[in-house]
Amino acid sequence: GIYSLARLELPDLAALVDETSIVYDRNGAEIARFSGGQNRVPLDLDEMSPILIDAVVAAEDADFFVRPGVDPVAIARVAWADVRNKSALEGRSTITQQDGRNAFLTPERTLRRKLEEAALAVKLERETSKDEILEGYLNTIYFGRGAYGVGAASRAWFGIGPSELDIGQAAYLAGLIRDPDAADISRPAQVQEAYRRRATVLGAMLAEAFITAEEWTRVDATPIEGYTLPRGENASTQLSERARVSGSEFLVDTI
């Protein structure tokens, strides 16, 4: 692994991604291809709901702020699976690894790809702050319904701005990250999975003391259908200051 890392040619972190973007879910399945604008509302971290940030960190990488961007245990698990010739390599990625992979790597599930992901995560953490990494991640991750980033997702799912998200809404969005279509509450076949995902995130938030037991009980008893928009219902979209300044590359289409 050390030898492979030493030989990697990492991309320039300031370089722009190819004009044609291919978006994958956490399992490596292609979701969509875009050339040009996406349904994305770029935001600064302080424009996002703090409880949403807590929910995503609790669900995806609880130790994000206190450990390096690489999880050696997960990489060792992948290496062992590779040695045993397993077809599906396992190993949970940190937020830093996910951020680098989403921007620069393919979803190929191999040991070499995992090592590339780890090397890129090290480079990211050397050159950028934790807040910058988290901000980039929350602005690019796919949340379903054609929405990329929390700015677009908050409006696509709830019809509100990203700073207005409450505990239940934040927990639901965080639960969508792994595979949004599999937990779409508006699809009858996915209702059970939607509730399971939200409960898992709420449990993680409680374990990290981001919410109280009383809040957990109240939100867990609240129907998700009560605060999500029906599928296909339009929600107005407002651009952040960064999007307005940046120009047409951040064209936003509502779902």
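Any read-out appearing in this document is the output of simple, stated calculations on the displayed coordinates, not a laboratory observation. Everything numeric here is computed off the predicted structure, so don't read it as measured data. Neighbour counts are summed over all protein chains in view; Cβ atoms, including those assigned to glycine, are modelled from backbone coordinates with ideal geometry.
Quick look at the numbers
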item: Gain on full stretching of the segment that runs from E127 to A199 - 0.36 nm per residue minus C-alpha separation; result: 22.4 nm
item: Nonlocal amide H pairs with I211, under 5 Å, H built at 1.01 Å; result: L206
item: Pairwise label distance in nanometres, E164 with D220, each label 7 Å out on the Cα-Cβ vector; result: 2.9 nm
